[in-house]
Every structure is written in C-alpha cells, then in structure tokens.
Amino acid sequence: MIRWKVYIDRARMYIGYIQFLMIGFVFLEAYKETIIGRLIFDNLLISIPILFFLFIGMSLFIGRLDTVFGFREEELRNSSSSNPVMRELLSKLDEMNHEIQALKKE
C-alpha cells in the first residue's frame, strides 16, 4: 500500500502538468472568438512559441518568488508536523540532542 501511495504521488506531479496544459487550451478555446483569440489562432506558428516562453518565464518567476519567500517550505513543515510518524521522529531527535548536551556537560 505504501509503495502504491508513492507511485500515485509521483504520478500526480505529471498529471498536474497535463491538467495545466488542458486548462490553457480550454482557456484559449473560450477566447477563440475574441480579438486576442483570433490573433493567437490566426498566427499559431508565432503564438505557440511566444506562449511557451511566456509560460516558462512566468514559471521561473513564480518559482523564484517561492524560493525567496519560502511558501513551499512552510507548507511542508506544517504538513510534516501534523504527521504522527514525523512527530515521533522529531521528539526522539530532541531527546537525543538533550542526551548529547548532557554528555557534553559531563
């Protein structure tokens, strides 16, 4: 069961990429009859590379913001603190640190 959960978690990341692309296509399809939509669909050879590089640039910018402000680390810290196994590991680590400090004092 644990192995299956790991496989599902790994697959979820790739499915997220596919979902993002599908949302982009649905978004563009919804605006197909507007001026911007006609501009994009009439010039696909130009607009696809531009949209691709725009997506890469925005992803890098958002990733950089996340790195600077540490939103993901905070989310992971909160998630791991609610995990009972992780809490037990952290408490044992604290006990070991206290024992090491006590040994250093002796």
Selection from segment 27-37 of residues exposed (fewer than 10 other Cβ atoms within 10 Å of the Cβ) and either part of a helix (DSSP H, G or I) or touching a His at 6+ places or on another chain (Cβ under 9 Å) (or both) yields I35
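Going by what's in this entry, would V26 be described as modelled with pLDDT under 85 and among the β-branched types (V, I, T)?
No: the conditions fail for V26.
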Answer yes or no: is there a residue in segment 82-91 that is over 30 Å from G24 (Cα atoms), of a type in the set (G, A, S) and at pLDDT below 75.
-> yes
From the list E88, E75, E95, which residue is in a helix (DSSP H, G or I) and surrounded by 11 or more Cβ atoms within 10 Å (Cβ to Cβ)?
-> E75
Filter result for the condition that a residue is part of a helix (DSSP H, G or I), open to solvent by 100 Å² or more (accessible area, probe 1.4 Å), without any contact (Cβ under 8 Å) to a residue 60 or more places away in the chain and of a type in the set (A, V, I, L, M), over I100, I40, I46 = I46
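The values are calculated or read from the model by the stated rules, or taken from the named source; none is laboratory data. The shown structure was predicted, so the numbers you read here are calculated from the model rather than taken from an experiment. Cβ atoms come from the backbone with ideal geometry, glycine included; neighbour counts cover every protein chain shown. SASA here: full protein model, heavy atoms, side chains in, ligands and nucleic acids out. Shrake-Rupley method; radii C 1.70, N 1.55, O 1.52, S 1.80 Å.
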